[in-house]
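The values are calculated or read from the model by the stated rules, or taken from the named source; none is laboratory data. Worth saying up front: this structure is predicted, and the values here are computed from it rather than measured. FYI the Cβ positions are ideal-geometry reconstructions off the backbone, even for glycines, and counts take in every protein chain you see.
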Amino acid sequence: MDYFKKIIKESVVIVIISSIMGLISGTFLSINQQILYSFPIILLILPSLNSLIGDISTVLTSRLSSHLYLGNLPPKIQKSNVLRNDFYGLLITILLSLIALIIIGYAVGIATGIQIINPLLIITVIMLTLLILFVMIFILLFTSSIFLFRRGKDPNNFLIPLTTSLLDFLTPLILIFFIYLFT
Amino acid sequence: MDWQDTKWKIVKEVFPSEIISIIGDILAGIILTILIVPFESFLILILLVPALLSIRGNISGPYIARTSRDIIIGEFNKKSLLENILATYTLSILIAFLIGLFGILLNYFLVRVFIITNGILILIPIISILLTLSISIPFSTVLNIIVFRRGLDPNNVVNPIMTAIDDFFTVLCFYLTIIMLGVP
């Protein structure tokens with residue numbers, strides 16, 4: 001049962017912290033529900049936006065962990081081709097997915113009769129939010145993966161729950177900040 | 001297989017999965033609105049939904065990533081799989097209990113709608129999460145194996161697809177649970 005114990009030991013604290021962060025995120029959203037109701041398309045897109053940046057960070061953590069275990073990535077904070085490929089590959093993916101998300105979101109919005117207000121502003125705000133989060137999360141995940149791996153821990157057990165919850169909290173926070181800034 | 005993927009290989013493998021994930025999440029959002037909003041206890045139920053959806057990232061995501069890594073590094077076997085599943089269920093029951101507990105506290109201090117008993121508020125996340133994982137775990141494990149056997153990197157493909165499946169089934173299982181428990 002060594003693997004079982006390792007998973008529980010490495011995950012339990014971080015999973016509890018992440019769940020509490022998720023609940024704080026819900027509370028933050030309900031406090032700012034007025035601004036979300038002013039731009040109803042955001043309410044429709046927000047779960048997908050959370051899930052998009054969450055997926056990319058999960059893919060990155062998972063890839064970094066595999067690279068480290070296979071020895072493709074040295075456990076040092078330094079530039080490498082593997083890291084460069086991961087950065088540009090995921091950046092291109094996130095930009096393409098964002099375009100798809102905006103098209104699908106607006107199409108569903110029109111089909112379901114949701115009021116579309118100032119689309120250019122919303123698209124700009126969504127793009128800025130995602131790009132800021134991506135760069136921030138990439139740096140955080142790379143450095144934390146190296147740190148955890150060097151201490152003999154599995155980055156998957158710590159970083160996936162932590163970043164998913166952090167992003168569930170930060171995405172609406174930055175999005176609402178930009179809306180306040182531009183309106 | 002060369003695990004030092006080029007950036008275009010990453011795009012090619014992750015992007016289609018992301019499209020599925022986006023569509024799944026928008027569908028989950030629409031279904032959530034249609035199925036949950038009509039309930040009399042909607043104000044309490046909606047407190048639990050974001051926390052339940054976060055289980056995907058907290059519990060299911062690491063399970064999938066561990067399975068992918070075990071397959072890639074050649075350490076995937078019956079014992080590792082069973083221990084991985086057992087740990088995932090143990091963590092999920094603990095988290096579900098905490099979500100229920102926080103639901104009671106948030107209801108008591110913020111919402112103040114007392115039409116569901118505290119016992120039901122604890123049971124909703126527990127049953128809902130167990131139902132979701134019982135679909136998600138076998139599905140993601142088989143998907144991991146298939147994807148790897150087809151020469152693709154499971155890290156790139158499985159998680160985004162499972163996000164859509166997990167979010168959709170979380171909402172559906174949540175709905176089935178509140179129906180089963182007779183929540184008004």
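The figures follow:
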{"quantity": "Output for region A:26-44, where each listed residue is facing chain B (nearest Cβ under 8 Å) and modelled with pLDDT of 70 or more", "calculated": "A:44"}
{"quantity": "Set B:139, B:174: member being among the aromatic types (Phe, Trp, Tyr) and surrounded by 20 or more Cβ atoms within 10 Å (Cβ to Cβ)", "calculated": "B:174"}
{"quantity": "Where a residue in region A:148-160 is surrounded by fewer than 24 Cβ atoms within 10 Å (Cβ to Cβ) and its partner, wherever it lies, is assigned to a loop (DSSP other than H, G, I, E, B), with Cβ under 7 Å and at least six apart", "calculated": "A:149/A:75; A:150/A:75"}
{"quantity": "Failed item, numbered, when residue A:75 is tested on (1) more than 8 Å from every other protein chain (Cβ to nearest Cβ); (2) free of Cβ contacts under 8 Å to residues at least 60 places away in the same chain; (3) not in a helix (DSSP H, G or I)", "calculated": "(2)"}
{"quantity": "Checklist (1) within 14 Å of chain B (Cβ to nearest Cβ); (2) closer than 17 Å to residue A:59 by Cβ applied to residue A:169, failing item", "calculated": "(2)"}
{"quantity": "Flag if residue B:32 is facing chain A (nearest Cβ under 9 Å), surrounded by 15 or more Cβ atoms within 10 Å (Cβ to Cβ) and modelled with pLDDT of 85 or more", "calculated": "no"}
{"quantity": "Residue A:3 vs. criteria surrounded by fewer than 21 Cβ atoms within 10 Å (Cβ to Cβ) and modelled with pLDDT of 70 or more", "calculated": "yes"}
{"quantity": "Failed item in (1) modelled with pLDDT of 90 or more; (2) under 30 Å from residue B:47 (Cβ atoms); (3) more than 7 Å from every other protein chain (Cβ to nearest Cβ), with residue A:99 passing the rest", "calculated": "(2)"}
{"quantity": "Any chance residue B:137 is over 20 Å from residue A:164 (Cβ atoms), assigned to a helix (DSSP H, G or I) and at pLDDT 90 or above", "calculated": "no"}
{"quantity": "Matching entry among A:109, A:89 (being buried (at least 20 other Cβ atoms within 10 Å of the Cβ) and either assigned to a helix (DSSP H, G or I) or in contact with a strand residue (DSSP E or B) (Cβ under 9 Å, 6 or more places away or on another chain) (or both))", "calculated": "A:89"}
{"quantity": "Per-region count, region A:111-146, residues more than 20 Å from the chain's Cα centre (by Cα) and away from chain B (no Cβ under 13 Å)", "calculated": "7"}
{"quantity": "Number of the condition not met by residue B:60 [criteria: (1) surrounded by fewer than 24 Cβ atoms within 10 Å (Cβ to Cβ); (2) more than 7 Å from every other protein chain (Cβ to nearest Cβ); (3) in contact with a helix residue (DSSP H, G or I) (Cβ under 6 Å, 6 or more places away or on another chain)]", "calculated": "(1)"}
{"quantity": "Enumeration of residues in region B:136-167 that are under 18 Å from residue A:60 (Cβ atoms) and β-branched (Val, Ile, Thr)", "calculated": "B:147, B:157, B:158, B:161, B:163"}
{"quantity": "Of residues in region B:74-86 being in a helix (DSSP H, G or I) and without any contact (Cβ under 8 Å) to a residue 12 or more places away in the chain, the one farthest from residue A:12 (Cα to Cα)", "calculated": "B:78"}
{"quantity": "Pick from region A:113-147, criterion touching a residue at least 12 places away in the same chain (Cβ under 8 Å) and not hydrophobic (A, V, I, L, M, F, W, C), ranking: surrounded by the most Cβ atoms within 10 Å (Cβ to Cβ)", "calculated": "A:145"}
{"quantity": "Given (1) surrounded by fewer than 20 Cβ atoms within 10 Å (Cβ to Cβ); (2) modelled with pLDDT of 90 or more, index of the condition residue B:70 fails", "calculated": "(2)"}
{"quantity": "Residue B:95 more than 23 Å from residue A:63 (Cα to Cα), more than 8 Å from every other protein chain (Cβ to nearest Cβ) and surrounded by 21 or more Cβ atoms within 10 Å (Cβ to Cβ)", "calculated": "no"}
